[in-house]
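The values are calculated or read from the model by the stated rules, or taken from the named source; none is laboratory data. Bear in mind that the values here come from a model prediction, so they are computed numbers and not experimental data. Every residue, glycine as well, gets a Cβ built from its backbone with ideal geometry; the counts of neighbours run over all protein chains shown.
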Amino acid sequence: MKKIAILGSTGSIGTQTLEVVDILQDVVVCGISGNHNIKLLEQQARKYRPRLVAVMEEHNAKALQQALSDTNCKVVCGMEGLVEVATMQEVDMVVTSVVGNVGLRPTFAAISAGKNIALANKETLVSAGQLVMDLVKQKGVALYPVDSEHSAIFQALQGNAGNAVRRILLTASGGPFRGRTKQALANVTAKDALKHPNWSMGQKITIDSATLMNKGLEVMEAKWLFGVDTDKIEVLIHPQSILHSAVEYEDGAVMAQMGEPDMRVPIQYALTYPKRVKNPFPKIDFTQRCEMTFEQPNTETFRCLSLAYQALKIGGTMPAVLNAANEIAVAKFLQGEIGFLDIPTLIEKTMQAYTVKQQYTLEDLLNADTWARGFATETKL
């Protein structure tokens with residue numbers, strides 16, 4: 001029986017993780033956390049009966065504790081609460097599916113406590129990849145990628161230890177604005193950007209997909225997860241989202257993982273690795289899904305991808321700054337404060353104003369994050 005905690009159980013990945021738990025039946029949910037969706041969190045607590053439930057704000061914690069007064073669930077709050085859920089003694093694996101840098105501290109705490117990680121919070125590796133992977137190695141824990149692309153790469157690497165990788169092919173759908181010009185994107189709205197053609201995701205990740213920042217963050221994540229140089233990671237636009245990513249070896253052989261776009265498949269693989277378990281999820285019919293096309297990303301129109309490569313090349317604390325600035329830019333766009341094309345402009349201005357620190361600690365990264373958020377929030381375009 002595997003015992004897990006889910007950070008971000010009310011979000012897209014968190015709710016789908018619980019769907020997978022329902023199928024597997026040999027997984028116990030010991031702890032969960034959420035943010036503002038207290039009603040759903042209460043429903044989850046009643047169904048899965050975790051020992052601990054965490055929310056960020058104290059008033060929500062009090063309301064939830066009162067609502068769950070007839071249960072044995074203990075409600076905790078704030079960052080301390082997240083860390084408490086992430087380090088529960090009985091937990092074997094922590095699914096980190098919170099969005100943004102809020103996942104840094106609890107993920108570090110979970111690894112330090114010897115917990116295996118199913119990682120859906122890409123910002124953890126974007127901001128602190130070297131520190132995270134060093135700690136994973138030091139503590140001897142496993143880190144399983146949950147993102148469909150990184151899970152695909154992870155699967156394509158199985159059975160090939162010792163074989164040199166020529167390149168990693170990281171696929172992207174291209175989002176809702178693939179093929180559009182800058183002029184055509186000048187007046188798009190948040191509603192337009194949230195219409196992803198293939199995937200059902202949270203708002204922030206969906207906007208990141210539309211700007212291609214999501215793919216830039218995944219390039220950074222892939223570098224640390226798989227220990228490859230940046231120039232060996234190639235982004236390919238693949239509108240059908242059938243081939244989730246691939247690995248090309250030195251002999252020219254390409255190993256790819258394919259299937260219908262369904263996040264529950266990589267979530268399940270992370271929970272059951274190395275076993276593959278039967279499930280009722282849709283299976284691909286190649287006679288119906290018979291077209292696969294690929295193209296290069298347009299980095300002149302979708303500048304966020306270039307900015308991500310630039311931040312990765314600079315290194316140090318710069319990826320944390322890019323990530324924080326992007327979170328603020330996306331929030332401003334969703335609130336109608338800036339336009340779609342202003343997102344990369346605000347990120348670039350923040351990066352240009354920052355003095356990077358090459359040798360850093362976790363506190364340095366958090367300080368860089370705080371600085372970037374403040375600068376991006378106050379900057380007017």
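So in the range 150-192, with the set limited to residues that are in a helix (DSSP H, G or I) and buried (at least 18 other Cβ atoms within 10 Å of the Cβ), which one is modelled with the lowest pLDDT?
It comes out as LEU185.
Exactly one of these conditions fails for ALA128: (1) within 13 Å of the chain's Cα centre (by Cα); (2) within 24 Å of ALA325 (Cβ to Cβ); (3) among the small types (Gly, Ala, Ser). Give me its number.
Exception for ALA128: condition (1).
Quick one: which residue in VAL94, VAL76 is in contact (Cβ under 8 Å) with a residue 60 or more places away in the chain and either aliphatic (A, V, I, L, M) or at positive phi (or both)?
VAL94
Which residue pairs have Cβ atoms under 8 Å apart, sit 6 or more places apart or on different chains, and have a first residue in the range 136-162 that is in contact (Cβ under 8 Å) with a residue 12 or more places away in the chain and a second that is among the charged types (D, E, K, R)?
From the range 136-162, the pairs are VAL141/LYS115; PRO145/GLU221; ASP147/LYS122; ASP147/GLU218; ASP147/GLU221; GLU149/GLU218; HIS150/GLU218; HIS150/GLU221.
Does SER127 satisfy being without any contact (Cβ under 8 Å) to a residue 24 or more places away in the chain and of a type in the set (Gly, Ala, Ser)? First the steps, then the outcome.
Details: without any contact (Cβ under 8 Å) to a residue 24 or more places away in the chain: no; of a type in the set (Gly, Ala, Ser): yes.
The answer is no for SER127.
Does any residue of the range 327-337 turn out to be within 23 Å of the chain's Cα centre (by Cα), closer than 29 Å to VAL132 by Cα and outside any helix (DSSP H, G or I)?
So far as the range 327-337 goes, no, none of its residues is within 23 Å of the chain's Cα centre (by Cα), closer than 29 Å to VAL132 by Cα and outside any helix (DSSP H, G or I).
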